[in-house]
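The values are calculated or read from the model by the stated rules, or taken from the named source; none is laboratory data. Nothing here was measured: the structure is a model prediction, and the numbers come from that model. Please note: Cβ atoms are built from the backbone with ideal geometry, for glycine as well, and neighbour counts cover all protein chains shown.
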Ligand SMILES: Nc1ncnc2c1ncn2[C@@H]1O[C@H](COP(=O)(O)OP(=O)(O)O)[C@@H](O)[C@H]1O
Ligand SMILES: [Mg+2]
């Protein structure tokens, strides 16, 4: 297996709490890795540190064999990483379409500067909205969408980012089965395109359905790692959940 992302003894603490505690994991390229663990086990903190949203205290993060500290700013895109938030973050006062367009133009500001009528980015944005079934809502304020549609729009922004590595923090939380199916479909399409996906999720049926690899965290540490079916049958993993 080829690893696109590795952590070495990664540590992040808040006061006395070691949210991520000397964690060494490997994320295989081009497949879906599930990240599970009881509440408070450090999953969101790990996503925050991996995506550069917050800094680590100790340890290192390696992208395709290159230490993140050695990656130069203009090389960032090549090692690009996109994440979603457990709490949805959209521009509520902007239209659904503009929520996608801002991502596209931010990613290629030069093209945005030179294009005459925004036709290039507009075409891509409209295609993305069709893919996520929100095209009919393109002129609505993002703030007026239902919770499920907001989760979909967040996935639309992930598609617009077009990054190689995608970290999804509970994209299914609180969704009705129909919406779960849609988002599962989008994630499987991303995998088909060769993206590497890390999926934080509590629902084991979804994990079994989507994931090729599973990482279990407990109290900031690695508890188990391997094929989902094998890992979910392990006694220590069951105990971590039952002891919650
Ligand atoms: N910003 C923060 N300030 C203080 N403590 C935090 C902060 N973020 C997370 N924690 C603590 O770190 C631990 C891990 O939290 P978190 O990463 O959110 O876990 P999970 O996503 O697995 O539920 C918890 O004990 C939590 O209370
Ligand atoms: Mg969390």
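Which of the following residues is touching a helix residue (DSSP H, G or I) at 6+ places or on another chain (Cβ under 6 Å) and closer than 25 Å to residue 231 by Cα: 32, 25?
32
Out of 88, 81, report the one residue that is closer than 19 Å to residue 159 by Cα, surrounded by fewer than 17 Cβ atoms within 10 Å (Cβ to Cβ) and touching a residue at least 60 places away in the same chain (Cβ under 8 Å).
On the way: 81 fails: surrounded by fewer than 17 Cβ atoms within 10 Å (Cβ to Cβ).
Checking each option against the conditions leaves just 88.
For the range 133-156, which positions are in a helix (DSSP H, G or I) and either within 16 Å of ligand 1 (Cβ to nearest atom) or touching a strand residue (DSSP E or B) at 6+ places or on another chain (Cβ under 8 Å) (or both)?
Within the range 133-156, 142 is the sole residue that qualifies.
When you go through 226, 143, 185 one by one, which is the residue that is over 24 Å from residue 38 (Cα atoms) and within 20 Å of the chain's Cα centre (by Cα)?
On the way: 226 fails: over 24 Å from residue 38 (Cα atoms); 143 fails: within 20 Å of the chain's Cα centre (by Cα).
So the residue among 226, 143, 185 that is over 24 Å from residue 38 (Cα atoms) and within 20 Å of the chain's Cα centre (by Cα) is 185.
Picking from 123, 70, which residue would you name as being more than 16 Å from ligand 1 (Cβ to nearest atom), modelled with pLDDT under 85 and surrounded by fewer than 15 Cβ atoms within 10 Å (Cβ to Cβ)? Outline the logic, then answer.
Working: 123 fails: modelled with pLDDT under 85.
Answer to the check: 70.
Is it the case that residue 26 is modelled with pLDDT of 95 or more, at negative phi and either more than 16 Å from ligand 2 (Cβ to nearest atom) or surrounded by 13 or more Cβ atoms within 10 Å (Cβ to Cβ) (or both)? Before the answer, list the steps.
Details: modelled with pLDDT of 95 or more: yes; at negative phi: yes; either more than 16 Å from ligand 2 (Cβ to nearest atom) or surrounded by 13 or more Cβ atoms within 10 Å (Cβ to Cβ) (or both): yes.
It is true that residue 26 is modelled with pLDDT of 95 or more, at negative phi and either more than 16 Å from ligand 2 (Cβ to nearest atom) or surrounded by 13 or more Cβ atoms within 10 Å (Cβ to Cβ) (or both).
Based on this model, can you work out whether residue 90 counts as more than 14 Å from ligand 1 (Cβ to nearest atom) and outside any strand (DSSP E or B)?
yes
Can you tell me which condition residue 173 does not meet? The list is (1) on the phi < 0 side of the Ramachandran plot; (2) within 16 Å of ligand 1 (Cβ to nearest atom); (3) loosely packed, with under 14 Cβ neighbours inside 10 Å, and all the others hold.
Every listed condition holds for residue 173 apart from (3).
This table checks each residue for (1) at pLDDT below 90; (2) within 23 Å of residue 212 (Cα to Cα); (3) within 16 Å of ligand 2 (Cβ to nearest atom); (4) in the same structural domain as residue 145 (by TED's automatic domain parsing).
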position	(1), (2), (3), (4)
11	no, no, no, no
15	no, no, no, no
35	no, yes, yes, no
54	yes, no, yes, no
57	no, no, no, no
74	yes, no, no, no
87	yes, no, yes, no
106	yes, no, no, yes
112	yes, no, no, yes
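Give me the residue from the range 37-52 that is more than 11 Å from ligand 2 (Cβ to nearest atom) and assigned to a loop (DSSP other than H, G, I, E, B) and, out of that set, modelled with the lowest pLDDT.
Applying the first criterion (more than 11 Å from ligand 2 (Cβ to nearest atom)) to the range 37-52 yields 49-52.
Now narrow it down to the ones that are assigned to a loop (DSSP other than H, G, I, E, B): 51-52.
Values: 51: 87, 52: 84.
My answer is 52.
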